[in-house]
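See below for the structure under consideration.
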Amino acid sequence: MAKGKFTSLKGLRLYNALYKELGDANKKLPKVQQLSVSARRKLVSEQLYPKFKNAPKVLSRDVNSDIGKIVKALPPVEICNPLYLSEAYLSFVEYYEIDNHIRRVLPECLDVRVNAGALGMTKIFNTSNYSYYTDGVQNIIEAIRNDLAENESGIAYFNGIVKVKPRRKDNGTPENYFVDYVLYVNDEATASEDGKDFSLPKKEVKKVEKVKDYLVERFKVLQKEKRSRKRKAKKIAIEKKKQEPKEQKKEINQSIQNAISTLRLLLKNGVITKAEFEAQKEMLQKRKK
C-alpha cells in the first residue's frame, strides 16, 4: 500500500479506493472466506467509508488496520465443513424460523436440505445462493402450517443432522457431507434421522471451538432481533386492545345514528307516528356509549 494513498481523496473517489483496498485483501483470503461483491460493498458503505469520509487526513495505516480487523472477524475456514458444526446450533429450529436460521445463522457456503418428509423436501442447495421462494422452502413452511391447523395442535421444529451426500463416501472430505434439516412434529421425526458422526482427528478439535464461537455470535444477533420483534408485536397487541373499546363504541353509536335516520324516514313517509318516532328515538339514544 503506497504511503499517502488516501490523503487527497474525498467522496466517491475515497469510496472506490476503500472498496478496491478491501478487494485486494479479499483476493488473498482462502476461497471459502472470500467476501462477495455485495458483502464488500456493504462493509465499505457501513463501516469504512462512514469512518473516513469526514477525517481531515486519511492514513493508509489506519485503513489497513480497519481492513485487518474485518478480515480477523471473518468466519474460520472450517465453517463450511458440516463435520465442524456444533449440534447445539443446528437443533430445535422452530419451523417458521428456518428461513431466518439459514440466512442469518449458517455461513454462506454450506450445503443443506430442508426435509419435512411427506410435507415436502428440497434438493440439496448451498446457502451462498439460497432463496426462500425458488428453493422450495416457502412451500414446505405453508404445508407445515396447514397441517398443524388441520390437526388443531402440535409443535413443529427442525433439527439439523449431518449426513453423507448420495453416492459419496463417508471419509471426512467436506464436500461429501451436508446438513439435513429434518422436521419433527410433536417430537416425532418426519424423515430419516440417520446421520454421520465422523470422528475428527484430535488436532482438529480446537477448530471446532472456533467454528462454535462464530456461530454463537450469529445466533445471539438473531435471538436479539427475535426478542425485539416479540416486544414490538406485544406492544402493538396492547395498543390494539386499548383501541377496541373505542372502536366498538364508535360502531355502536354509528349504528344507533343510522337507526334513528331510518326512523326519521319512516316518519316522513307516514309509516310511523310522531309519538312512535320519539319513543323509539329515546330508547335508542339511551343505548349510546
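The values are calculated or read from the model by the stated rules, or taken from the named source; none is laboratory data. Model, not experiment: these values are computed from the prediction. A quick note on method: Cβ atoms are made from the backbone with ideal geometry, for glycine too, and the neighbour counts reach across all protein chains shown.
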Please determine whether any residue of region 40-50 is closer than 30 Å to Val162 by Cα and out of contact with any strand residue (DSSP E or B) (no Cβ under 8 Å at 6 or more places or on another chain).
no
Lys220 - would you say it is within 21 Å of Val105 (Cα to Cα), part of a helix (DSSP H, G or I) and touching a residue at least 40 places away in the same chain (Cβ under 8 Å)?
no
Candidate set: region 76-93, residues that are among the β-branched types (Val, Ile, Thr) and modelled with pLDDT of 80 or more; chosen: the one farthest from the chain's Cα centre (by Cα)
Ile79
Of all residues in region 148-201, which are in a strand (DSSP E or B) and either charged (D, E, K, R) or not assigned by TED's automatic domain parsing to the domain that holds Ile124 (or both)?
Lys163, Asp180, Glu188
Out of all the residues in region 118-131, which are surrounded by 15 or more Cβ atoms within 10 Å (Cβ to Cβ) and either in contact (Cβ under 8 Å) with a residue 60 or more places away in the chain or within 17 Å of the chain's Cα centre (by Cα) (or both)?
Leu119, Met121, Thr127, Tyr130
Can you tell me which residues in region 21-38 are part of a helix (DSSP H, G or I) and of a type in the set (Gly, Ala, Ser)?
Gly23, Ala25, Ser38
Within region 147-176, of all residues that are of a type in the set (Val, Ile, Thr) and free of Cβ contacts under 8 Å to residues at least 60 places away in the same chain, the one nearest to Asn126 (Cα to Cα) is Val164
